[in-house]
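Before any comments, here is the structure.
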Amino acid sequence: MGLLERVHDRATRAIHSAKTRVRVSSPGTKSYGTPSRGPAPHTQAQSEPDRSAPASVSEASTELAGDFYYCQAAGSDSRGRIARVKTVRINPGGPDRATRMYLIADDASRYHLSHLFRNQFEYAPRLEVTSAGETLVLDWPYGVPEDAHRLVKVLLNHPAIPLAGLGNLNLAIALDRYKTINTRLPASKWSNTRSGQAINDLKYQRHTATAMLRIDPDFHYLANGLSDVVQSHPAYSRASVVTSVPGSNGTGGSLGELLGRAVARKTGKPFVTALGPLRGPRKGDNPPDVTGAFYFEDQICGSCIVVDDVLWTGMSQNETARAARAVGATEVFGLAAAKTMRN
């Protein structure tokens with residue numbers, strides 16, 4: 001059987017499978033205190049990366065014509081991101097919209113796609129060998145939704161965060177890593193990314209006064225970048241409210257809290273304050289234990305975004321998510337300006 005015949009045969013089976021499958025949509029929330037559509041409710045099983053994709057390579061080699069449509073920038077770190085993706089109509093000019101997606105991505109980024117669209121595509125039985133290497137193949141019997149294209153573009157540019165050990169979060173993503181990975185140098189000599197340098201300058205160099213942060217170019221860069229992620233990511237854009245990890249000094253003026261308020265303001269979402277006790281700084285190999293330490297005085301109806309400046313182990317975001325669920329949050333999405341190598 002030739003390549004075209006195999007593609008047509010697989011598309012036919014995928015379409016038949018999709019048409020005979022019963023789909024159930026689960027209610028989420030639309031706005032603060034109002035129910036709406038959204039992804040399926042969180043379960044503990046969702047804390048682990050999706051493992052339903054094939055793990056072996058097919059014997060048949062498929063050489064793609066031309067370059068991938070979306071490619072990560074040269075030299076970018078692919079961990080947590082989608083590296084390459086291409087979509088091809090299975091029956092060009094035909095009446096159906098069946099589409100094949102070739103995807104090179106790790107578990108963390110692929111989980112975002114599965115979390116939102118798993119009932120709309122089928123994994124091919126095996127990996128394919130394409131012009132870019134071993135590649136996942138996803139068949140979308142009814143075409144790739146526009147929201148899925150939006151999500152792919154987000155994950156090309158921003159690293160998803162693995163959820164192992166962070167069972168109170170449905171999804172997590174960062175604006176960038178804190179350091180630029182350079183395998184030719186020891187980690188101690190890696191330079192900061194644009195996000196990492198902005199955080200370093202704001203927290204440890206300039207000590208910018210809170211009243212001046214709105215006009216600080218570094219704060220502006222971080223707040224705008226985080227807001228763009230929220231508005232572009234299909235799940236985050238539908239979230240009802242924004243909150244942040246409580247600062248360690250209890251004043252409400254930590255960088256993470258100020259970024260959370262800025263993101264809420266720029267995206268038009270209510271900001272709900274999370275509270276917690278005074279504690280030592282989170283930076284380091286032995287951060288303070290914050291299990292059960294955070295709480296909300298207000299109720300949350302719907303899904304919630306938890307903002308922080310730096311994600312070290314993820315435990316502070318996870319505990320903030322636990323507190324949000326205790327007051328009604330149906331789903332919780334983590335958002336950080338930068339993530340460290342430990343996650």
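All of the numbers you see were taken from the coordinates with simple rules; none came from a lab. Predicted, not measured: the structure shown is a model, and the values here were computed from it. Note that each Cβ is placed from the backbone with ideal geometry, even for glycine, and that neighbours are counted across all protein chains shown.
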Among trypsin sites (Lys or Arg not before Pro) in region 149-242, those in a DSSP loop whose Cβ has at most 10 other Cβ atoms within 10 Å are R184
Lys and Arg at +1, Asp and Glu at -1: neighbours of V327 with Cβ under 9 Å from its Cβ sum to -1
Using alpha carbon centers only, region 210-259 is separated from region 125-142 by a whole-angstrom value of 37
If each K or R counts +1 and each D or E counts -1, the residues other than T291 whose Cβ falls under 9 Å of its Cβ total -1
Kirkwood-based Rg/Rh on the Cα set of region 146-300 evaluates to 0.95
FRET efficiency for N224 and R89 from the Cβ-Cβ distance with R0 = 45 Å, rounded to 0.05, comes out at 0.80
A student applying the Cα gyration tensor rule (rounded when a/c is under 1.5; otherwise prolate if a/b is larger than b/c, oblate if not) would label region 77-220 prolate
